[in-house]
1. Would you check which residues across the stretch 272-288 are polar (S, T, N, Q) and either in a strand (DSSP E or B) or free of Cβ contacts under 8 Å to residues at least 12 places away in the same chain (or both) and list them?
2. Name the single residue that is farthest from T90 (Cα to Cα) among those in the stretch 50-76 being assigned to a strand (DSSP E or B) and within 26 Å of the chain's Cα centre (by Cα).
3. Evaluate the stretch 277-297: report whether one residue or more is touching a Pro at 6+ places or on another chain (Cβ under 6 Å) and of a type in the set (D, E, K, R).
4. Can you name every residue in the stretch 110-166 that is modelled with pLDDT under 50 and among the polar types (S, T, N, Q)?
5. So which of A291, A254 is crowded, with 21+ Cβ neighbours inside 10 Å, of a type in the set (A, V, I, L, M, F, W, C) and either outside the structural domain of S219 (by TED's automatic domain parsing) or not in a strand (DSSP E or B) (or both)?
6. Given the residues D155, D167, which is the only one that is acidic (D, E) and either outside any helix (DSSP H, G or I) or in contact with a Pro (Cβ under 9 Å, 6 or more places away or on another chain) (or both)?
7. Please find, within the stretch 303-336, the residue that is surrounded by the fewest Cβ atoms within 10 Å (Cβ to Cβ) out of those that are free of Cβ contacts under 8 Å to residues at least 40 places away in the same chain and in a helix (DSSP H, G or I).
8. Could you grab me the full set of residues in the stretch 177-191 that are among the small types (G, A, S) and out of contact with any Gly (no Cβ under 9 Å at 6 or more places or on another chain)?
Amino acid sequence: MPGGDEPAPMSARALIVDDEADIRELLSLTLNRMGLATDVADSEFEARQLLQKHHYDVCLTDMRLPDGDGLALLEHTSRFWPQMPVAVITAFGSAENAVAALKAGAFDYLSKPVQVNQLRALVKSALKLSEDKGVAAASHARAGGAPAGHTLLGDSAKMRLAREMIDRLARSQAPVHISGESGCGKELAAKSIHRKSVRHERAFVPVNCGAIPENLVESEFFGYRKGAFTGADSERSGFFQAADGGTLFLDEVAELPLLMQVKLLRAIQEKRVRKVGSPQEEPVDVRVISATHKDLAEEVKAGRFRQDLFYRLNVIELKMPALRDMPEDIGLLAQAFLGRRAAQEGTRVPALSAVALRALEDYPFPGNVRELENVLERALALCSGSEISREDLQLKPAAVEVADIRALPLEEYLATVEKQAIVAALEKTRYNRTAAARILGISFRQLRYRIERLGIE
């Protein structure tokens, strides 16, 4: 991380747990120079005793201890001191241990041999987190102060769960993979994680991996030296250097070429990058958040995505819900968008008629929130009064995917269409039969009869 050391408050205290005396000495000396008081332990037992006696702002523990391991100590501290950031120290090249620790709730990790600059950056971040006793309130305040259109809105259970997960992820440095359909707010979720984290004062660098020509990917990510190739008439930094101290968001990460996936894996594991044409690597302090609308596990099976990189990126997964799974949020989202557009254009906020709102709630929105915004944009252009009607929305009938008509007898084909429509309505209403019948335009008794006739469970 650029810049000199800022002394920590003298009240700040760290616990160092490692059975190697030289490692304990290096860590203790470095942290002392940063202004921290330190206690050291050479076993899990001794560490637990010290934890009972003193308050610590950060804990650094080796993964291998004479009487246990770092994961056991991490589980213990997570249970009794959940506000204390714990970083683990892993053996060189032991990516599996690092991933296991991050999944178990570690704040971050260091690889042996310990690099002093990486240690300082980690401890600074951990102290920022530890000092913020009101982290939830602060996060909420920062989110509330975000520009309009840059927050995740919704009162549905699924959106509340997503926001709660974002709050937890903001307290960690672990790589996060955000999955979900196109248009469901994956980049907004990544921005929220960054904005609520200790990295919020540094850069958030979004990268569309599918928009970079294959021959330029390496130089765009890592930068290049002057003269590295034809046209490189000056030195240039890449995405990793631009995000140093902050967050690098890799959107559509499944589009990266396989060769670049290898180099990205090394950069994430070693926290070092090499500019094209440079003989030396340089350290970077970057948190990586990735996203794609594709199923990465399926991409791995198909040989289009490296399993080791998938394992490294998908330490923690955040699944963003589709808009059709949150119909109760559509009205809130629509009003927020209309209000934002009215403020931009200096006009009054048009109202949605009850019929128009009902039509939006019944529409499946395959394009999710992005499609909702496009629909409302069109409706604003077509609306002639102070209220948006259903006709202004111009919603297209949802196509039902069914088996090939040529492969089935007519009666079986019609039963398939009917069954799929009923199942879709039931899923949309969380299996509320009364609401599903209303969507389908039939009575509750008719729906019950069809469910029994078609054998829908």
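The values are calculated or read from the model by the stated rules, or taken from the named source; none is laboratory data. No experiment lies behind these values; they were computed from the predicted model shown. Glycine also receives a Cβ, built like all others from the backbone with ideal geometry; neighbour counts cover every protein chain displayed.
1. Initially, the stretch 272-288 is screened for residues polar (S, T, N, Q), giving 278, 280.
Q280 - this is the single residue of the stretch 272-288 that is polar (S, T, N, Q) and either in a strand (DSSP E or B) or free of Cβ contacts under 8 Å to residues at least 12 places away in the same chain (or both).
2. Keep residues of the stretch 50-76 that are assigned to a strand (DSSP E or B), which gives 58-62, 64-65, 68-69.
Those still in the list that are within 26 Å of the chain's Cα centre (by Cα) too: 58-60.
Values: V58: 17, C59: 14, L60: 11 Å.
This residue is V58.
3. No, the conditions are met nowhere in the stretch 277-297.
4. If the condition is that a residue be modelled with pLDDT under 50 and among the polar types (S, T, N, Q), then S139 is the only one that fits.
5. Details: A291 fails: either outside the structural domain of S219 (by TED's automatic domain parsing) or not in a strand (DSSP E or B) (or both).
After applying the criteria, what remains is A254.
6. Result: D155 is the single residue among D155, D167 that is acidic (D, E) and either outside any helix (DSSP H, G or I) or in contact with a Pro (Cβ under 9 Å, 6 or more places away or on another chain) (or both).
7. Step one: list which residues in the stretch 303-336 are free of Cβ contacts under 8 Å to residues at least 40 places away in the same chain, which gives 303, 307, 310, 331, 335.
If we keep only those that are in a helix (DSSP H, G or I) as well, we get 307, 310, 331, 335.
Values: Q307: 13, F310: 19, G331: 15, Q335: 16.
Restricting to residues being free of Cβ contacts under 8 Å to residues at least 40 places away in the same chain and in a helix (DSSP H, G or I), the top hit is Q307.
8. S179, G180, G185, A190
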